[in-house]
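Just below is one structure, and these are the notes that go with it.
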Amino acid sequence: MRITDVRTVHFAMGYRNCLMVVVETDDGISGIGEVGIGHQRAAIGAVETLKSRLVGQDATRIEHLWQFCFRGSFFPGGNILSAAISAIDIALWDLNAKALGVPVHRLLGGLSRERVPTYCHVGGHALEGLVESARARVDEGWKYIRWGLPQQGDRHEPSVAIRESIEGMELLRTALGPEIEICFDVHARLDPSDAIALAHGIAPTRPFFYEDPIRSENIQLLRHIRQHVARPLAIGEHYASKWEFRQVIEEDLTDFARIDLCIVGGLTEGRKIAGWCETHQIRLATHNPLGPVSSAACVHLSAAVTNQGVAEQIRRPYETLTDVFPAQVDWQDGYLIPPDRPGLGIEFDERAAGAHPPRPEMPGRMLVRDDGSLTNW
């Protein structure tokens, strides 16, 4: 199979835009992948650049093509290039599995489990309606939920956010009882001292994990966090390669690896990181704030590895864009079910996607402290 085309499909999904990559071959088989980075216009340019390297290449040489894309320039790329490669790589796994008439997880070694536990998001950025939102999700069948650090509109004052986070987690634990697992996401908004104070404050509510307590740029600081935080940590959704995961894994600085297959380099890179994590007894908690393609890629990897923890799944499949994705991954009682259909097991209607033109790109989203300084959104 020779690659004949690599193209992007950019469209809106609710409040956000999606960027898909379609790879076609001279055998008439195509595959689809998804870009995970927010800088989608830049990612489109990266895909266009990589296209010239890929057209005419043997589509069955997935590892070779990954290396060719990632190392095809003297200067290594960053997360925009990795996100473009991720989508191309996932599409290559999809079309190769289709060519063999098997689901992707068969090419990854077969099923290690028959279903993958998932968590959804509850509430918004405030305490109002939080418990009602969580109860509604539990009634749907979710066994794990996730809530994040609250904010006051565009305002983020750490002392207020910490106080409201503790109150919100206490409300959730009281309302949901001991059986439902609650994941808490700081979203990289706090400095180390505040992150430690918050971790101590919510510890009695037994969060399943404590996610991204500080910014991702300085991995060294996770050593300090690790010494002071007793609950399991979940780290990694910002990382764009196995090299960025290296120190976190080797120094046992996390309990859950937040691999984003649509940023980290696709399934080719994701399975390497998963195997590395296995040697340190680190479980996966795949990062997936995206669409049905990302969900499908995550469930195939999660079902094939032995060290799966829980997969992020913002909402149940088939709740959005069923015209664009008429076949999606199945979800039952809190679990994603690995597809037995060839490839990723989803269907993509490119013409239907054209009926959802992308929204204008939003300006950068930042939160402002009371003194006028900025923090991460």
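The values are calculated or read from the model by the stated rules, or taken from the named source; none is laboratory data. Here the structure is a predicted model, which means the values were calculated and not measured. Here the Cβ is made from the backbone with ideal geometry for all residues, glycine too, and neighbour counts use every protein chain on show.
Things worth noting here:
- Residue check, Gln40 within 18 Å of the chain's Cα centre (by Cα) and of a type outside the set (A, V, I, L, M, F, W, C): yes
- Asp255 being outside the structural domain of Pro76 (by TED's automatic domain parsing), touching a residue at least 24 places away in the same chain (Cβ under 8 Å), buried (at least 24 other Cβ atoms within 10 Å of the Cβ) and of a type outside the set (A, V, I, L, M, F, W, C): no
- Close contacts from segment 153-180, counting a first residue that is over 21 Å from Leu367 (Cα atoms) and a second that is among the basic types (Lys, Arg) and outside any helix (DSSP H, G or I), with Cβ to Cβ under 7 Å and a gap of 6+ residues or different chains, come to Ile180/Lys143.
- Of all residues in segment 344-377, those satisfying the criterion of being more than 30 Å from Ala303 (Cα to Cα) and touching a His at 6+ places or on another chain (Cβ under 8 Å) are Pro358, Leu367, Val368, Arg369, Thr375, Asn376, Trp377.
- Residue check for Arg359: under 20 Å from the mean Cα position of the chain (by Cα) and at pLDDT below 95: no
- Filtered residues of segment 131-164 (kept if within 23 Å of the chain's Cα centre (by Cα) and not in a loop (DSSP other than H, G, I, E, B)): Ser133, Ala134, Arg137, Val138, Glu140, Tyr144, Ile145, Arg146, Trp147, Gly148
- Pair list, Cβ < 6 Å and 6+ apart or interchain, from segment 7-20 residues that are on the phi < 0 side of the Ramachandran plot to residues that are among the basic types (Lys, Arg): Ala12/Arg359; Asn17/Arg359
- Taking each residue of segment 310-321 that is closer than 11 Å to Cys120 by Cβ and looking for partners that are modelled with pLDDT under 95 and surrounded by fewer than 16 Cβ atoms within 10 Å (Cβ to Cβ) with beta-carbon atoms closer than 8 Å, six or more apart or interchain, yields Glu312/Pro289; Ile314/Pro289.
- Being among the aliphatic types (A, V, I, L, M) and either touching a His at 6+ places or on another chain (Cβ under 8 Å) or touching a residue at least 60 places away in the same chain (Cβ under 8 Å) (or both) is a description that does not apply to Ala134.
- Taken over segment 66-89, the residue count meeting the criterion of being outside any helix (DSSP H, G or I), surrounded by fewer than 19 Cβ atoms within 10 Å (Cβ to Cβ) and not charged (D, E, K, R) is 6.
- Residues satisfying the stated conditions in segment 22-60, i.e. assigned to a strand (DSSP E or B) and farther than 21 Å from Leu100 by Cβ: Glu34
- From the list Thr279, Thr320, the one residue that fits, being modelled with pLDDT under 95, surrounded by fewer than 21 Cβ atoms within 10 Å (Cβ to Cβ) and either in contact with a helix residue (DSSP H, G or I) (Cβ under 8 Å, 6 or more places away or on another chain) or in the same structural domain as Leu253 (by TED's automatic domain parsing) (or both), is Thr320.
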